[in-house]
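Asker: Here you go, one structure.
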Amino acid sequence: MKHAAVLIFFSRDPEEAPPENSVVDEARTEAYLDTKNEFTRIRIEYIKYQILKKLRLKEKPTVSVGKLPKPVKEYENLLPDQDMSVQSDYSDDFYGKTTQAIIFPYEDNPHCLRKNRFPSACLPFQMPTDIHTSDVSTAELWFHKEEDNMDAHNQTFVISEVAHWDTNKSFQKTKPIAIQETSITEGWLKVDVTYIVKNWMDYQDSPTHAISVVCKTCGMEKSRSPISFVSELKPFLVIYTYSQQRRTLTHRRPKRSANCSPGLNECCRESLYISFAEIGWDDWIIKPEGYNAYFCRGSCMTASAMTLSASQHNSILTKVMYGPNRRRGGRPELTPCCAATQFQPLQLVYMHSNKTLTTKLLSNMIVETCGCM
């Protein structure tokens, strides 16, 4: 389903200041500033609406971010920065594309089996509904190994899929999927679990799935967990999608239009910075802290303004308005408006629920070029 762009036309550019030669009293100046601030407020409200709509949200989530695990905050590529080199026509889809999901355990340290022969931990995860098997590129399980009195002899972790819940709400029937050997005494371990996550996406008979982590060489009591669940050391699952790879493979840098400057009255791109803290959205949007959405303003009544964009649409308008067949002294049949002709996407890292940190690419959120339309 295609979604049409919304264009707002003004008889006079609301951002255009009164002429320098006019006598402007204090009351008129205040009225002008009030009008300018009101249009800025309307633009910000519209951008907020667009973000929620593209994320399929009716209102901003009520979440408690808390302390994120250290690798999420410190390691490269786990929380990607806004990529300003992403091509403008990456996606025509209105809704955001998921490029990464970081999922935290559904419960804190539940038991997978009634009887544990070795120190173990159970990690139940609730899979996101907007990622399908064909979307999954890779998946990794991250957990923080606790110190053990047998670390001098190295340790071996057995990572298993836990098949289902039984009637007593306990996980049963483990199936080994990986063996992780390590010589570290305490620290983060990363295990590839792509195959099992793809299987979960294929057979979504239950939204909740679990992974068991067992240390068969640890010397600690079998009732203890060999991995940490404490705040910044809690385990998590990272799912990467192919969308992230396609962006870098199809890189293209579009031509930028002229940015507005003092004294420039022709069609140009004006800055409009959105601070998520200032609009009260920094409690659920992790990155970026804000971004420049830009907007277009200025006159399109001169020949030079009409050449700002080399689109076929503008070429037709130029011929109609300034062509040889135009009657001398006659008014043009069409009045062009300064509007966005190209956009860039916005990469957003946000908490939708307390257990999922999602990275999405939202199309057409940053004005890249302006032209007379």
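Residues are listed down the side, and each one gets a yes or a no for (1) part of a loop (DSSP other than H, G, I, E, B); (2) within 17 Å of residue 355 (Cβ to Cβ); (3) modelled with pLDDT of 85 or more:
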{"position": "180", "(1), (2), (3)": "no, no, yes"}
{"position": "188", "(1), (2), (3)": "no, no, yes"}
{"position": "198", "(1), (2), (3)": "no, no, yes"}
{"position": "205", "(1), (2), (3)": "yes, no, no"}
{"position": "210", "(1), (2), (3)": "no, yes, yes"}
{"position": "217", "(1), (2), (3)": "yes, no, yes"}
{"position": "238", "(1), (2), (3)": "no, yes, yes"}
{"position": "244", "(1), (2), (3)": "no, no, no"}
{"position": "254", "(1), (2), (3)": "yes, no, no"}
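Asker: Select from the range 340-368 the residues that are farther than 20 Å from residue 290 by Cα and either part of a strand (DSSP E or B) or at pLDDT 90 or above (or both) and list them in ascending order.
Answerer: 340, 341, 342, 353, 356
Asker: Something else about it: Can you tell me which residue within the range 219-236, out of those that are outside any loop (DSSP other than H, G, I, E, B) and in contact with a strand residue (DSSP E or B) (Cβ under 8 Å, 6 or more places away or on another chain), is surrounded by the fewest Cβ atoms within 10 Å (Cβ to Cβ)?
Answerer: Checking each candidate, the answer is 233.
Asker: If you go through the range 111-127, how many residues are surrounded by 13 or more Cβ atoms within 10 Å (Cβ to Cβ) and at pLDDT below 85?
Answerer: So the count comes out to 4.
Asker: Right, something else. Would you check if residue 335 is modelled with pLDDT of 55 or more, touching a helix residue (DSSP H, G or I) at 6+ places or on another chain (Cβ under 8 Å) and over 21 Å from residue 48 (Cα atoms)?
Answerer: No.
The values are calculated or read from the model by the stated rules, or taken from the named source; none is laboratory data. The structure displayed is predicted, hence computed values, not measured ones. In this analysis, Cβ positions are derived from the backbone assuming ideal geometry, glycine residues included, and neighbour counts consider all displayed protein chains.
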